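Here is the structure we will look at.
The values are calculated or read from the model by the stated rules, or taken from the named source; none is laboratory data. Everything numeric here is computed off the predicted structure, so don't read it as measured data. Quick reminder, even Gly has a Cβ in these numbers, built from the backbone with ideal geometry, and neighbours come from all protein chains shown. The protein model used for the area step is the full one, side chains on, heavy atoms only, and it has no ligands, DNA or RNA in it. Shrake-Rupley method; radii C 1.70, N 1.55, O 1.52, S 1.80 Å.
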Amino acid sequence: MYDDADLEKIRESRDRWEDDTLEPVLSAYGERKDRFATVSNLEVDRLYTPDDVADTDFDTDLGMPGEEPFTRGVYPTMYRGRTWTMRQFAGFGTAEETNERFHYLIKEGQTGLSTAFDMPSLMGLDSDHPMSDGEVGKEGVAVDTLRDMEILFDGIRVDEVSTSFTINPSAAVIYAMYIALADKQGVPRDQVRGTLQNDMLKEFIAQKEWVIPPAPSLDVVTDTIEFAAEETPKWKPVSISGYHIREAGSTAVQELAFTLADGFAYVEDAMDRGLDVDDFAPQLSFFFNSHNSFFEEIAKYRAARRIYARVMSEWYGAELDASKQLKFHTQTAGQSLTAQQPLNNIIRTTIQALAGVLGGTQSLHTNSYDEALALPSEEAVRVALRTQQIIADESGAADIIDPLGGSFAVEALTDEMEEKTMEYITHIKEMGGGSVRDGVLEGIDQGYFQREIQEASYEYQKRVDKGEEIVVGVNKYKLDEEVEPELLHVSDEVQEKQLTRLAEVKAERDDEEVEATLSALDEAIENGENVMPAIIDAVKAYVTMGEIMDVFKQHYGAYSEKIGLA
C-alpha cells in the first residue's frame with residue numbers, strides 16, 4: 001500500500017523518533033514491564049507503522065466488506081443493515097422451566113435462542129439410566145423424548161425464531177426431534193432456522209464428550225450435513241467450534257488453526273461422499289471464543305475469514321461466495337470468569353463482546369457474571385443481554401464496518417495470525433498425507449492436539465502463578481472478604497419430575513412402532529445409509545434418546561471402553 005520511497009522515509013522517521021524522543025524517556029523512566037504479550041503469549045511491538053504492513057495488498061488481503069477475501073466482513077452492510085443475533089445460552093431443570101426462561105429472554109429482546117442440555121442428554125443417556133442419577137437437569141435441560149422438545153418450545157413457533165442446540169454425541173437425535181416438532185407444528189422444513197453444534201472432531205480434541213469412536217462419529221456428522229443440504233437449507237448442521245479448544249487452554253492461534261482444520265475435514269468428508277462443495281458449504285458455521293486480549297481476538301476473526309475464503313477456493317474449488325464466507329458465533333470466555341469478585345466479570349465480558357463485534361461476528365453470547373459460581377441467575381442473564389444491547393444501540397461500535405481495518409497494529413496482527421495458523425494447518429495436512437481430514441483423525445489418534453493444548457495451558461498457568469499474567473481479583477487487587485451474589489439452584493425434585501414424565505411416555509407409546517423404527521435405524525447403519533430419516537421416524541414414535549444411541553453403541557462399541565476409560 002506504500003511505495004519504497006514512502007517506506008524508507010517512514011523507517012527514517014521511526015529511527016529518529018527512537019533516538020531523539022523515545023530513548024530519553026526509556027532511560028529515565030523505563031516501561032511497566034520488560035515484555036508485552038497477548039494472553040496467548042504472542043509478543044506485541046511498542047509501535048506499529050506502515051512498515052509492518054508493507055507487504056499487504058489492499059485488494060487481495062483486505063478488500064471490501066461482502067467481497068473476497070472477506071477480511072472486512074461477510075456482508076456489505078454488516079451491522080448497519082442488521083445487528084448480530086443476540087443469542088443467550090439457556091437451559092436448566094425441566095423443559096417447563098427452560099421454556100419459561102426462553103419466553104423471558106424473548107420478552108427482554110433476545111433475537112435467537114440457544115439451548116443448554118444436561119449431562120445425560122449430552123452423553124446420549126436417558127434420565128432413568130443409572131449414570132444419570134444426580135445429574136438430571138443440573139447443568140442444562142433434560143431431554144429424553146420428543147415430548148420434552150414439545151414442552152421446551154411450547155408457545156414458540158420454530159419458523160419465527162432461530163435456535164441453537166449445544167450438543168454433540170447425540171446431536172443427530174436433537175436435530176431429528178426439532179424437525180419432528182416442525183412437522184407437528186406444520187412448519188415446512190425449508191423454513192426451519194438454527195444451528196446444531198454437532199462438532200465431534202473438537203470433542204476428541206478438547207471437550208471430551210463422545211459415545212462412539214472418531215471415524216463413525218464423523219460419518220454421522222456428515223449424514224446431518226447431507227440431510228440438511230437436502231431438507232433444511234436454512235439450518236446450520238454443524239457449528240465448527242474453537243470455543244472449547246480455547247477453554248481447554250489453547251492459544252488463539254491454536255484455537256483458530258485446529259478449528260479451521262476440523263472444518264476442512266468435514267468439507268473433505270462430505271466431498272468424498274460425492275457432495276458438491278457449493279451444495280453444502282454455505283450451511284457450515286463456526287463458533288469462536290472471545291478472550292481478554294482485545295486486539296488479538298479481533299485479528300483472529302479477520303484472519304479466520306481470509307484463510308477460509310482462500311482455502312475453500314484454492315483447495316476445494318468453491319465457487320459461490322456463500323461457500324467461501326466464514327460465518328461465526330462468538331461467546332465470551334468462560335475460562336476468564338472468576339469466582340472472586342464476580343462483578344468484575346461484567347467488565348471482562350463487555351470487553352470480550354466488543355472484540356467480537358469489532359471482529360465481525362454474526363451472533364453473540366455474553367456470559368453472565370455469576371457463571372463461575374453456578375448456572376446464571378435471572379438478574380445476571382439480564383445484565384449480560386443488556387451488555388450486548390448497549391454495545392449495539394449506544395456505543396456506535398455497530399455503525400462503522402470493520403472500524404479497525406487499516407490500523408497498522410491490527411493489520412500486522414491479522415497477518416501474523418494468518419501466517420502462524422497456516423503453519424499449523426499445513427502440518428496437519430502433512431500428517432494426513434495430503435488430507436486435512438486424515439491429518440485430524442491421525443492427530444486425535446496420536447494425541448497431537450491434546451499435547452499442544454496441554455503445553456499452552458501449562459505455560460499460561462505458570463505466567464499467572466508468577467504474576468506475569470494479571471488476573472484482577474485473583475493474583476492482584478484481592479479482597480479479604482468476598483460477597484457472594486444470589487445464585488440459581490436446581491431443585492432435586494427436577495429428577496423426580498423428569499423420571500415420572502419419561503415413564504409416562506414409555507407407557508403410552510406404541511411398543512411395536514418403537515421396535516420397528518429401531519430396527520430400521522439398525523438396518524440403515526448396517527447398510528451405510530444416511531441415518532437421519534430413520535432417527536426422525538424413531539423420535540416421532542417417542543423412542544428415547546438413550547434407546548437410539550444404544551443402537552449406535554451396538555454397532556461401533558462405546559469409545560470409552562475402546563480406550564480403557566470404562
Practice task
Kindly indicate whether any position in the range 117-127 is of a type outside the set (A, V, I, L, M, F, W, C) and touching a His at 6+ places or on another chain (Cβ under 8 Å).
Solution key: yes
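Each row is one residue, and each column tells you yes or no for (1) aromatic (Phe, Trp, Tyr); (2) more than 25 Å from Ile205 (Cα to Cα); (3) modelled with pLDDT under 95.
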| site | (1), (2), (3) |
| --- | --- |
| Asp511 | no, yes, no |
| Glu523 | no, yes, no |
| Val531 | no, no, no |
| Ile535 | no, yes, no |
| Lys540 | no, yes, no |
| Glu547 | no, yes, no |
| Tyr556 | yes, no, yes |
| Tyr559 | yes, no, yes |
Problem - Any chance Arg306 is in a helix (DSSP H, G or I), farther than 18 Å from Val253 by Cα and of a type in the set (Lys, Arg) - result: no
Handout entry: Flag if Arg302 is open to solvent by less than 10 Å² (accessible area, probe 1.4 Å) and of a type in the set (D, E, K, R)
Key = yes
Practice task
Provide a single number: the residues in the range 494-551 that are in contact (Cβ under 8 Å) with a residue 12 or more places away in the chain, part of a loop (DSSP other than H, G, I, E, B) and either of a type in the set (Gly, Ala, Ser) or closer than 19 Å to Arg147 by Cα (or both).
Solution key: 6
Completion exercise
Going through the range 194-216 in order, the residues found to be under 15 Å from Gly263 (Cα atoms) and free of Cβ contacts under 8 Å to residues at least 60 places away in the same chain are Leu196, Asn198, Met200, Glu203
Practice task
Determine the pairs where a residue that is at positive phi, located within the range 414-439, has a partner that is part of a helix (DSSP H, G or I) with Cβ atoms under 8 Å apart, the partner being 6 or more residues away or on another chain.
Solution key: Gly433/Gly439
Practice task
Output the number of the condition that Ile401 fails; it satisfies all remaining conditions of (1) part of a helix (DSSP H, G or I); (2) open to solvent by less than 70 Å² (accessible area, probe 1.4 Å).
Solution key: (1)
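A quick yes/no check of all residues on (1) open to solvent by 40 Å² or more (accessible area, probe 1.4 Å); (2) part of a helix (DSSP H, G or I); (3) out of contact with any Cys (no Cβ under 6 Å at 6 or more places or on another chain):
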{"residue": "Ser313", "(1), (2), (3)": "yes, yes, yes"}
{"residue": "Tyr316", "(1), (2), (3)": "no, no, yes"}
{"residue": "Gln331", "(1), (2), (3)": "no, no, yes"}
{"residue": "Gln335", "(1), (2), (3)": "yes, yes, yes"}
{"residue": "Thr338", "(1), (2), (3)": "no, no, yes"}
{"residue": "Arg348", "(1), (2), (3)": "no, yes, yes"}
{"residue": "Ala355", "(1), (2), (3)": "no, yes, yes"}
Practice task
Output the number of residues of the range 87-113 satisfying the condition of being in contact with a His (Cβ under 9 Å, 6 or more places away or on another chain) and within 26 Å of Ala541 (Cα to Cα).
Solution key: 0
Exercise for the section: Out of the residues in the range 25-54 that are touching a strand residue (DSSP E or B) at 6+ places or on another chain (Cβ under 8 Å) and in a loop (DSSP other than H, G, I, E, B), state the one that is nearest to Leu7 (Cα to Cα). Expected result: Val44
Exercise for the section: Please specify each residue of the range 2-24 satisfying the condition of being assigned to a loop (DSSP other than H, G, I, E, B) and either out of contact with any helix residue (DSSP H, G or I) (no Cβ under 9 Å at 6 or more places or on another chain) or open to solvent by 100 Å² or more (accessible area, probe 1.4 Å) (or both). Expected result: Asp3
Exercise for the section: Kindly check whether there is at least one residue in the range 71-78 that is outside any loop (DSSP other than H, G, I, E, B) and closer than 23 Å to Ser363 by Cβ. Expected result: yes
Practice task
Within the range 91-111, identify whether any single residue is among the hydrophobic types (A, V, I, L, M, F, W, C), within 24 Å of Lys506 (Cβ to Cβ) and surrounded by fewer than 17 Cβ atoms within 10 Å (Cβ to Cβ), and answer yes or no.
Solution key: no
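For (1) at pLDDT 95 or above; (2) open to solvent by less than 50 Å² (accessible area, probe 1.4 Å); (3) not in a loop (DSSP other than H, G, I, E, B); (4) not acidic (Asp, Glu), each residue gets a yes or a no:
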{"residue": "Val143", "(1), (2), (3), (4)": "yes, yes, no, yes"}
{"residue": "Met149", "(1), (2), (3), (4)": "yes, yes, yes, yes"}
{"residue": "Asp154", "(1), (2), (3), (4)": "yes, no, no, no"}
{"residue": "Val161", "(1), (2), (3), (4)": "no, yes, no, yes"}
{"residue": "Ser164", "(1), (2), (3), (4)": "no, yes, yes, yes"}
{"residue": "Pro169", "(1), (2), (3), (4)": "yes, yes, no, yes"}
{"residue": "Ile174", "(1), (2), (3), (4)": "yes, yes, yes, yes"}
{"residue": "Ile179", "(1), (2), (3), (4)": "yes, yes, yes, yes"}
